[in-house]
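Colleague: Okay, here's the structure, questions in a sec.
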Amino acid sequence: MKKEVNILIAESNKEHFDLMRTNLQEAGVHNEILHFADGQQLLDFLFNPDTGPENQCRPQESMVLTELNLLNVDGLQILERIKQDEQLKKMPVIILTTTDDQDTIDRCFSLKCSSYIIKPAESQEFEETIQSFARFLSVVETLI
C-alpha cells in the first residue's frame with residue numbers, strides 16, 4: 001500500500017486494535033496507523049482535522065477501517081457521514097465487525113462501503129483475517 005495513505009482504525013476494543021496494528025505491520029504495511037476508540041473521535045478528526053493531536057496527517061489521504069459497534073457514533077453512522085461528504089466520499093471505508101446480520105451488511109454496501117469483513121471469534125483466525133487483509137492492501141498498491 002502506498003506510504004502516504006493513512007489507515008484510520010475506529011475500534012473500541014484496545015486488544016483488537018493492537019492485534020490489527022501488529023498483524024498489518026508484520027504483513028508489510030508500513031503506513032501511518034491511527035487509533036480512534038469511538039466513532040465521535042474519528043468524525044472529529046475527519047471533519048475538524050485541526051483540533052486533534054493527529055493533525056499531522058490529512059484525512060483526504062486516508063482509508064477507514066471501522067467496527068460497527070462503537071460508543072457515541074457507530075460505524076454505520078461513520079460510513080454515512082463519509083459518503084455524504086463531497087471531499088471524503090471516495091475514501092475507502094472497510095467494515096471489520098462481529099456483526100453478521102444480512103440486513104446490516106446490505107445496508108453497508110448500499111452506502112458504498114469498500115468491503116465488509118466479519119471478525120472471527122477465535123484469536124488465531126482473527127490474526128489470519130488481518131494478515132489476508134494486509135496482503136490485499138499490498139495487491140492494491142501494485143495496481144495503483
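Derivation of every value follows stated rules applied to the coordinates shown; laboratory data play no part. All values derive from a computational prediction rather than experimental measurement. Counting neighbours? That spans all protein chains shown, and the Cβs are built from the backbone with ideal geometry, glycine included.
Colleague: Taking θ as phi - 60°, what are the ³J(HN,Hα) couplings along the stretch 23-36 by the Karplus curve (6.51, -1.76, 1.60), each to the nearest whole Hz, with x for Gly and Pro?
Modeller: Coupling constants for the stretch 23-36: 6, 5, 5, 5, 8, x, 8, 10, 5, 5, 10, 10, 9, 10 Hz.
Colleague: If I model a spin label at Leu71 and Glu32 as a point 7 Å from the Cα along the Cα→Cβ vector, what separation in nanometres do I get?
Modeller: A separation of 2.6 nm, rounded to one decimal place.
Colleague: Take the Cβ-Cβ distance between Lys90 and Glu125 as r, set R0 to 41 Å, and report the resulting FRET efficiency rounded to the nearest 0.05.
Modeller: 0.85
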